[in-house]
1. Could you tell me how many of the residues in region 177-212 are in contact with a Pro (Cβ under 6 Å, 6 or more places away or on another chain), in a strand (DSSP E or B) and open to solvent by less than 30 Å² (accessible area, probe 1.4 Å)?
2. Looking at Q145, Q179, can you tell me which residue is within 14 Å of ligand 2 (Cβ to nearest atom) and under 30 Å from A19 (Cβ atoms)?
3. Starting from region 210-223, take each residue that is touching a residue at least 12 places away in the same chain (Cβ under 8 Å) and list its partners that are in a helix (DSSP H, G or I) and surrounded by 17 or more Cβ atoms within 10 Å (Cβ to Cβ), counting only C-beta distances under 6 angstrom and pairs at least six apart or across chains.
4. Taking R85 as the residue in question, decide whether it is touching a Cys at 6+ places or on another chain (Cβ under 9 Å), part of a helix (DSSP H, G or I) and either farther than 18 Å from A389 by Cα or within 13 Å of ligand 2 (Cβ to nearest atom) (or both).
5. Could you please let me know if R137 is part of a loop (DSSP other than H, G, I, E, B) and closer than 18 Å to D167 by Cβ?
6. Looking only at region 156-171, count how many residues are under 11 Å from V66 (Cβ atoms) and surrounded by fewer than 24 Cβ atoms within 10 Å (Cβ to Cβ).
7. Kindly indicate whether R52 is open to solvent by 50 Å² or more (accessible area, probe 1.4 Å), under 28 Å from V349 (Cβ atoms), touching a helix residue (DSSP H, G or I) at 6+ places or on another chain (Cβ under 9 Å) and of a type in the set (K, R).
Amino acid sequence: MLNANPTADRDGRLAAEVARLTEPAIAVRRQLHAHPELGLEEHATAAFVADRCEALGLAVRRGVGVTGVLAELDSGRPGRTLLVRADMDALPIEEADDGRPYRSQVPGVMHACGHDGHVAIVLAVAEILHTLRATWRGRVRFCFQPAEEIDVGARGMIADGALDGVDAALGIHLVAGVQTGRLIVVPGVMEGSCDTFEITVTGVGGHAGAPAGAVDPLPVAAELILALRELSLRPRAEPAVVTVAQIQAGTAANVIPDEVLLRGTIRTLDADERGPLREEAAAIAAEIGERAAAAVRFTLGDGCPALRNDVAETARVEAALVDGFGAEALMTIEPTTGADDMACYLERVPGCYFGIGASDLAAGPAHPHHHPAFDIDERSLAVGVEATARAALALLA
Ligand SMILES: [Zn+2]
Ligand SMILES: [Zn+2]
């Protein structure tokens, strides 16, 4: 029977559950950290997550959005359906060899963004909400998403029904460079839109000593990089950046290659600027392509919109976090041109995505996300578990 006042002793039980699950969460994070998988290849991670959720008695769907997992926990009472999302993918980075015992065992692949921690946190939250299921109403759908870093994971999950019947969504990110214990809550736009583009410049290869006999694609690529960079330097009301971050070409110092591949991103905080920026980048590529002897092909991915936290849902999350951690734990930040495809869920349903400080700054400055020596202060996992559980309960109330 439902207790007349089911939430009365919930805080104490929640704290006890967080304490009980802290060591296991660290163990899960370390195991995932040692066995990272790239986007859409998260087979072992997904199997691990799905098995854990099944063991809890959750209704599990595997292979959602290629390698994603949806696990549903039903309180048995009518109420909202809340999506709680964790991303699972790692990055193509060789991890620094600095003696950390949980270093990646996969050459060239590393959890350098903290997604291992997100999975560990959300698995613990699933266990807590399961234990406390007599104290809340509605359903929670835990969404373990692949391929956040390559911008296709959320889209695939949504196409496969992740948001069907969902009323609100909750997402988290561990944040290096912010002290463990601090929580970052931003109502409204928190991160910019992000569109990935790819440009291939195709010429005719040849001998470096006889460039006249070739159509060298490299100078064309250089011109493209500089012209696209101009878009970032232009004065604007809201920040926007166009960055070429990847170049592939050539095999030797004395061989002109056939082709150059450029890849990069277009990011803006101004939703009205997203379309025009994409069009301008395409126009620059077309214009340079017209003048060049080499062929220029510009393609744009689906991208993700700016990440917008719903003001009302975020206020509920904020109140719950102040309750649990005190107002001094919370901080806000200016919106950044970072991006997270959590934005794709929040474009469709209201919700909140918040940051969890994950560095011990007393021990020195933290390496940034995507750095080969990136790491988290594992004490942030307990904070993350409690904060995410409290936020979820607030959005279910
Ligand atoms: Zn990342
Ligand atoms: Zn990330």
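The values are calculated or read from the model by the stated rules, or taken from the named source; none is laboratory data. Everything quoted here is computed from the prediction, not taken from an experiment. Quick reminder, even Gly has a Cβ in these numbers, built from the backbone with ideal geometry, and neighbours come from all protein chains shown. Note: accessible area is taken over every heavy atom of the protein model, side chains too, but ligands, DNA and RNA are not part of it. Shrake-Rupley method; radii C 1.70, N 1.55, O 1.52, S 1.80 Å.
1. Going through region 177-212 one residue at a time, the tally reaches 3.
2. Q145
3. Note: pairs meeting the criteria are E223/I288.
4. No; evaluated as a whole, the condition is false for this residue.
5. Against the criterion (part of a loop (DSSP other than H, G, I, E, B) and closer than 18 Å to D167 by Cβ), R137 qualifies.
6. Within region 156-171, residues that are under 11 Å from V66 (Cβ atoms) and surrounded by fewer than 24 Cβ atoms within 10 Å (Cβ to Cβ) number 3.
7. Criteria met by R52.
Here's the yes/no breakdown for (1) closer than 27 Å to T332 by Cβ; (2) within 11 Å of ligand 2 (Cβ to nearest atom); (3) crowded, with 24+ Cβ neighbours inside 10 Å:
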{"residue": "H115", "(1), (2), (3)": "yes, yes, yes"}
{"residue": "V125", "(1), (2), (3)": "yes, no, yes"}
{"residue": "T135", "(1), (2), (3)": "no, no, no"}
{"residue": "G138", "(1), (2), (3)": "no, no, no"}
{"residue": "L174", "(1), (2), (3)": "yes, yes, yes"}
